[in-house]
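The values are calculated or read from the model by the stated rules, or taken from the named source; none is laboratory data. Bear in mind that the values here come from a model prediction, so they are computed numbers and not experimental data. We place every Cβ from the backbone using ideal geometry, glycine too, and count neighbours over all the protein chains shown.
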Amino acid sequence: MHTKHHIQELQSQTESLLHKVGKQKTDVADLPQLRQVLRFHEHRYYIMNDPLITDFEYDQLYKSLEKIEADFPKYVTADSPTQRVGKGLTKEFPTVQHLVPMLSLENSYDEDDLVDWDRKAKELTGLTEIEYCIEPKFDGASISLIYEDDFLTRGATRGDGVQGDDITVNIRQIRSIPLSAKFSESGIQQIEIRGEVLINKQTFKKYNEQRLADNLPPLANPRNAASGSLRMVDPKEVAKRGLEAFLYHVSDVTEIPGKKLTKLLDTHSGSLQLLWEAGFRSPVKESMVVKGIQSVIAHCRDYEKMRDELPYEIDGMVIKVNDFELQDKMGMTTHHPRWAIAFKFKARQGTSKLKDVEFQVGRVGSITPVAKIEPVYIGGVTVTSVSLFNEDVIKEKDLMIGDTVLVERAGDVIPYIVRSQAELRTGKEKPIRFPTHCPVCKSELHKPEGESAWRCINPNCEAQVVERLIHFVSKDAMDIRNFGEANIRKFYEMKLLENIPGIYHLDFEKISTLEGFGQKSIDKLKEAVETSKHQTLNRLIYALGIRYVGETTAKTLANSIKNLWDLEKFTVEELMSMEDIGPKVAGSIYEFFQTKEIIDMLKKLEATGVEFSNKKRADNAADTLHGQTFLFTGTLNKLKRSDAEEMVELHGGKLVTGVSSKLNYLVVGEDAGSKLEKAKKINTVRILSEDEFIQMISDKS
Ligand code: IVH
């Protein structure tokens with residue numbers, strides 16, 4: 001989209017604007033340049049994945065634009081980078097008509113299906129060999145966009161294919177969708193484009209972790225998360241979801257009279273190129289043009305092998321006749337175009353029988369129903385039990401014991417029940433009865449207004465105590481190795497361990513008499529327990545298992561204090577002034593530190609020697625790597641990857657996920673691959689060995 005010369009010019013404009021912003025000298029005359037520069041950097045970041053400035057620099061430019069526009073509202077343009085941010089809530093999404101119906105695709109599942117389809121295509125076109133364009137079948141929510149006179153004027157959901165919902169306000173939140181694009185240069189007055197909105201796997205995983213910490217059922221898969229996000233009433237919330245979009249189809253074009261229409265619109269691959277050059281993320285790199293169906297089959301098989309390595313979900317490939325003239329000749333049915341077909345990858349679904357439902361008590365007392373199903377093999381794993389999350393999910397899916405159920409397991413997503421097949425019921429199925437009393441301590445269950453989970457509110461409930469212990473020692477919390485769930489249960493049953501401080505008073509003599517505990521494993525356990533006394537404060541906070549406090553919130557809290565006891569002093573308002581802490585989370589933290597039993601427990605814990613102070617903050621080492629970005633690649637020999645990453649964060653550095661000019665340090669372990677190669681080509685990235693990294697950290701501490 002940008003030539004080398006163009007990039008240099010925009011970079012030098014960026015520098016001079018940053019200089020001016022630093023001196024607070026930008027003014028209304030800088031508006032066009034500020035917008036142009038910000039759009040350029042958004043494109044580098046969201047489309048190219050190769051930013052040229054830091055987030056901080058971007059924010060400075062953005063804030064400057066915002067300020068000038070606030071002073072001179074009449075100069076605000078519809079495609080200004082500030083105009084993505086929605087105002088207020090959407091009451092309803094108006095129904096709109098698609099310019100061209102959004103058809104489905106015909107599906108194929110094996111090579112024979114593809115060979116058949118190719119034969120029909122050859123018959124319809126009269127050719128002996130056809131050129132195809134193959135691209136991934138993105139597993140998200142489909143959208144249609146309209147640009148008129150270069151401006152985004154409408155974004156809609158697919159709906160029933162003929163009519164969809166106008167979700168323009170939410171579409172504007174997606175940073176990889178440009179608010180304006182220079183279609184007029186290609187002779188286009190109006191264009192309708194189709195594509196797919198996605199949430200990448202990493203973002204989805206983090207989002208679900210937060211939902212679990214908030215006691216909400218996780219969303220089933222990234223597809224549901226994407227389509228749900230598109231229909232949210234608050235555009236600001238949409239912006240936070242980290243949505244991405246691939247645009248893969250031009251469905252309608254109105255030409256500018258008297259102007260020549262671009263040749264790129266002669267083929268499908270050309271149209272992808274046109275979209276890419278106009279600033280969209282289209283699957284240019286992800287697609288391939290081949291001749292003949294055998295090459296198609298080979299490419300589809302190769303791509304399927306990479307499925308799990310992609311950052312987003314795909315559920316197959318789409319094969320399209322590349323030449324638009326041929327596409328027109330082949331036409332369409334009422335359901336799908338004849339010039340395209342989807343090749344679906346092997347299903348990650350299976351059917352099974354729901355045998356029983358068990359009710360488990362979590363560490364904050366939430367009761368989770370878990371379905372026990374007949375073993376079913378899906379995507380390389382045998383699934384025998386599936387969480388049903390809460391009572392509402394059971395009702396919503398109309399589940400009964402004895403039902404035949406459809407189970408899905410996508411990538412690293414936890415397995416879930418898609419639906420029951422009510423049509424196969426015999427009349428012998430039994431309803432699932434939710435207990436009224438805790439299955440472990442028998443105390444009465446409660447369900448607070450507005451919440452979906454029933455809870456056992458007895459803090460001494462044995463199930464909760466054990467779950468709290470398991471959480472405390474777990475890998476992401478205090479990371480006490482060699483402890484494990486089974487040992488905790490065993491120690492608890494034998495009364496060798498009753499509460500968290502007890503972990504630091506274990507009677508190793510007694511443990512050594514138990515079966516399976518040799519001197520070696522005892523020594524290891526002792527050492528792990530001892531080491532954990534110096535674990536970082538954010539991990540300790542997370543390990544305490546405060547309701548709604550996940551890893552991210554624990555980090556926020558740890559970064560704001562010098563000692564764990566500081567949390568006892570915060571008011572709800574003070575807690576709410578911290579990043580991303582709302583009233584629910586603040587209330588829970590406050591309540592935790594006002595509970596006498598908990599304070600007593602914490603005093604005992606501190607007395608065992610567990611470090612409560614934020615060492616790094618206290619001795620002011622925290623910010624020595626401020627503003628520096630790090631990435632680790634290959635196998636580290638001396639450090640655990642997660643520990644090394646934590647060291648960076650403790651010193652105020654930032655971790656990034658990819659090699660780009662935004663990366664300052666690439667730390668290279670053994671067998672480093674493509675990241676190292678890429679970094680070598682960017683001369684601003686410094687490459688460190690593991691030893692050099694350790695040296696650097698110890699110099700900075
Ligand atoms: S082309 C007229 N290309 O799959 C043909 N569709 O199962 C328009 N999809 O509704 C569709 N990736 O939402 C096309 N590369 C791709 C796609 C794709 C995903 C979706 C699309 C469509 C559905 C049909």
* Asked: What single numbered condition from (1) on the phi < 0 side of the Ramachandran plot; (2) loosely packed, with under 15 Cβ neighbours inside 10 Å fails to hold for LEU114?
  -> (2)
* To do: Go through (1) assigned to a loop (DSSP other than H, G, I, E, B); (2) at pLDDT 90 or above; (3) not aliphatic (A, V, I, L, M) one by one and return the number of the condition LYS346 breaks.
  => (2)
* Asked: For segment 41-98, which residues satisfy the criterion of being among the aromatic types (Phe, Trp, Tyr) and in contact (Cβ under 8 Å) with a residue 60 or more places away in the chain?
  -> TYR45, TYR46, PHE56, PHE93
* Taking segment 299-311 as the region of interest, how many residues are within 15 Å of the ligand (Cβ to nearest atom) and either under 21 Å from LEU103 (Cβ atoms) or not in a helix (DSSP H, G or I) (or both)? -> 1
* Starting from residues that are out of contact with any Leu (no Cβ under 9 Å at 6 or more places or on another chain) and away from the ligand (no atom under 14 Å from the Cβ), keep the ones in segment 261-275 and report whichever is nearest to THR3 (Cα to Cα). => LYS263
* Boolean, VAL549 is crowded, with 20+ Cβ neighbours inside 10 Å and assigned to a loop (DSSP other than H, G, I, E, B) -> yes
* To do: For TYR542, work out the one condition from (1) over 24 Å from the mean Cα position of the chain (by Cα); (2) modelled with pLDDT of 95 or more it doesn't fulfil.
  => (1)
* For ASP118, state whether it is touching a residue at least 12 places away in the same chain (Cβ under 8 Å), among the acidic types (Asp, Glu) and within 16 Å of the ligand (Cβ to nearest atom). => no
* To do: Give the residues of segment 247-286 that are buried (at least 21 other Cβ atoms within 10 Å of the Cβ) and under 27 Å from the mean Cα position of the chain (by Cα), sorted by residue number.
  => LEU247, TYR248, HIS249, LEU272, LEU275, ALA278, GLY279, PHE280, ARG281, SER282, PRO283
* Structure fact -> In segment 332-343, residues that are within 12 Å of the ligand (Cβ to nearest atom) and assigned to a loop (DSSP other than H, G, I, E, B) total 5
* Within segment 201-213, how many residues turn out to be surrounded by 17 or more Cβ atoms within 10 Å (Cβ to Cβ) and either outside any helix (DSSP H, G or I) or not polar (S, T, N, Q) (or both)? -> 4
* Asked: Could you list, in sequence order, the residues of segment 388-432 that are within 25 Å of GLY362 (Cα to Cα), in contact (Cβ under 8 Å) with a residue 40 or more places away in the chain and part of a strand (DSSP E or B)?
  -> MET400, ILE401, VAL407, GLU408, TYR416, ILE417, VAL418
* Across segment 479-491, what is the number of residues that are buried (at least 18 other Cβ atoms within 10 Å of the Cβ), under 37 Å from the mean Cα position of the chain (by Cα) and either more than 24 Å from THR553 (Cβ to Cβ) or at pLDDT 95 or above (or both)? -> 3
* Can you tell me which residues in segment 304-320 are of a type outside the set (D, E, K, R) and either under 15 Å from ILE341 (Cβ atoms) or touching a helix residue (DSSP H, G or I) at 6+ places or on another chain (Cβ under 9 Å) (or both)? -> LEU310, PRO311, TYR312, ILE314, GLY316, MET317, VAL318, ILE319
* Could you check THR168 against (1) surrounded by fewer than 21 Cβ atoms within 10 Å (Cβ to Cβ); (2) within 14 Å of the ligand (Cβ to nearest atom); (3) under 28 Å from the mean Cα position of the chain (by Cα) and say which number it fails? => (2)
* Does any residue of segment 543-562 turn out to be of a type in the set (Gly, Ala, Ser), under 21 Å from ALA463 (Cα atoms) and free of Cβ contacts under 8 Å to residues at least 40 places away in the same chain? -> no
* Asked: From the list LYS291, LYS320, which residue is touching a strand residue (DSSP E or B) at 6+ places or on another chain (Cβ under 6 Å), more than 16 Å from the ligand (Cβ to nearest atom) and among the basic types (Lys, Arg)?
  -> LYS291
* Asked: Among the residues of segment 552-577, which ones are surrounded by 17 or more Cβ atoms within 10 Å (Cβ to Cβ) and in a loop (DSSP other than H, G, I, E, B)?
  -> SER560, ILE561, LEU564, PHE570
* Asked: Among the residues of segment 152-164, which ones are more than 10 Å from the ligand (Cβ to nearest atom) and within 25 Å of the chain's Cα centre (by Cα)?
  -> GLY155, ALA156, THR157, GLY159
* **Number of the condition not met by GLY88 [criteria: (1) at pLDDT 95 or above; (2) more than 14 Å from the ligand (Cβ to nearest atom)]** => (1)
* **Matching residues in segment 244-260 - criterion: being more than 15 Å from the ligand (Cβ to nearest atom) and within 17 Å of ARG84 (Cβ to Cβ)** => none
* **Meets criteria (modelled with pLDDT under 95, out of contact with any His (no Cβ under 9 Å at 6 or more places or on another chain), at negative phi and assigned to a helix (DSSP H, G or I)) for GLU515** => no
* Look through SER184, SER227, SER176 and report the one residue that is over 15 Å from the mean Cα position of the chain (by Cα) and in a helix (DSSP H, G or I). => SER184
* Structure fact -> Of ILE130, ILE134, the only residue that is of a type outside the set (Asp, Glu), surrounded by 15 or more Cβ atoms within 10 Å (Cβ to Cβ), within 16 Å of the ligand (Cβ to nearest atom) and at pLDDT 95 or above is ILE134
* Return the total of residues in segment 207-228 being in contact (Cβ under 8 Å) with a residue 40 or more places away in the chain and away from the ligand (no atom under 16 Å from the Cβ). => 10
* **Qualifying position, being more than 16 Å from the ligand (Cβ to nearest atom) and either in contact with a helix residue (DSSP H, G or I) (Cβ under 7 Å, 6 or more places away or on another chain) or under 29 Å from LEU124 (Cα atoms) (or both), among VAL376, VAL361, VAL296** => VAL361
* Answer yes or no as to whether ILE314 is within 12 Å of the ligand (Cβ to nearest atom), within 29 Å of the chain's Cα centre (by Cα), farther than 30 Å from SER420 by Cα and buried (at least 19 other Cβ atoms within 10 Å of the Cβ). => no
* Structure fact -> Of the candidates ASP113, ASP139, ASP149, the one satisfying the condition of being within 16 Å of the ligand (Cβ to nearest atom), among the acidic types (Asp, Glu) and more than 30 Å from the chain's Cα centre (by Cα) is ASP113
* Structure fact -> Restricting segment 31-59 to residues that are among the polar types (S, T, N, Q) and modelled with pLDDT of 90 or more, the one farthest from GLU15 (Cα to Cα) turns out to be GLN36
